[in-house]
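Just so you know, all these numbers are worked out from the coordinates, no wet-lab data involved. Source: prediction; values computed, not measured. We place every Cβ from the backbone using ideal geometry, glycine too, and count neighbours over all the protein chains shown.
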Amino acid sequence: MFLLATPAGDASAGSLSSQTEVQARDDWFLPFITSVPRGGTVVWTFTAAERSHTATDSSGMALFDSGIVQPGGPSFSHRFTAAGSYPYTCTVHTLKMNGSVEVPVRVWPETARVGRSFYVRWVTTSASDGYVFDVQIKPPGGSWSIWMDGTTAAKAKFEPADQGRFRFRARLRAVPGRATGWSLRATPVAT
């Protein structure tokens with residue numbers, strides 16, 4: 001399981017709430033896709049269900065698992081400290097019940113002059129043993145390419161040489177092995 005200590009105050013990013021609820025219904029999760037900032041928590045509730053369910057990571061990395069929860073059972077929560085797109089499923093109803101948690105990278109400032117630095121953060125702290133981060137960049141008019149490959153760092157500085165909108169995204173990866181999907185992108189502008 002991927003666990004990181006989260007510094008206080010690092011859970012807010014933009015307008016995302018640091019805690020989001022997902023309801024397990026009889027055949028679906030509501031909402032199907034939810035977003036939280038790095039350090040944010042998703043709470044799965046099972047009070048609206050008439051059957052047993054799970055909320056289980058389906059990335060292949062076994063990052064979280066509620067176990068089987070009976071109807072009306074206790075809620076289950078997981079804190080997401082790293083940027084990425086985290087697929088999950090109900091292991092009792094895998095063909096029907098799937099969802100994802102989207103955790104974006106953070107870039108600040110949102111606007112800077114050419115030659116001034118942007119700071120890109122994809123996790124609240126350094127990687128746990130056995131995990132790394134991949135970070136991609138998409139320059140103005142360009143395509144996605146690896147900027148940081150297999151890093152254990154939590155953030156980095158980027159100094160744009162050109163004007164325009166840059167895009168950054170990241171994912172968590174086990175070493176060796178599977179990875180989450182790419183995070184929502186952050187888009188700072190160099191003027």
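General observations
- Placing dummy labels 7 Å off each Cα toward the beta-carbon, the span from ALA48 to GLN70 is 2.3 nm.
- Note on the range 56-142: the C-alpha convex hull projects to 8.9 nm² when averaged across all orientations.
- Considering only Cα atoms, the convex hull volume of the range 44-83 works out to 70 Å³ per residue.
- Multiplying each eigenvalue of the alpha-carbon gyration tensor of the range 19-103 by 5 and taking the square root yields semi-axes of 19, 13, 11 Å, largest first, rounded to whole angstroms.
- Per-peptide average of other Cβ atoms within 10 Å, ordering 78-85, 46-53, 91-98, 18-25 highest first: 78-85, 18-25, 46-53, 91-98
- D (Stokes-Einstein, µm²/s), Kirkwood Cα radius, the range 106-190, 0.692 mPa s at 37 °C: 250
- Shown for PHE29, PHE158: other C-beta atoms within 10 Å of each C-beta, ranked fewest to most, produce the order PHE158, PHE29.
- Calculated FRET value between GLN23 and ALA62, using beta carbons and R₀ = 30 Å, to 0.05: 0.80
- Ordering of 56-66, 135-145 by packing [mean C-beta count within 10 Å, highest first]: 56-66, 135-145
- Over all directions, the projected convex hull of the C-alpha atoms in the chain averages 10.9 nm² in area.
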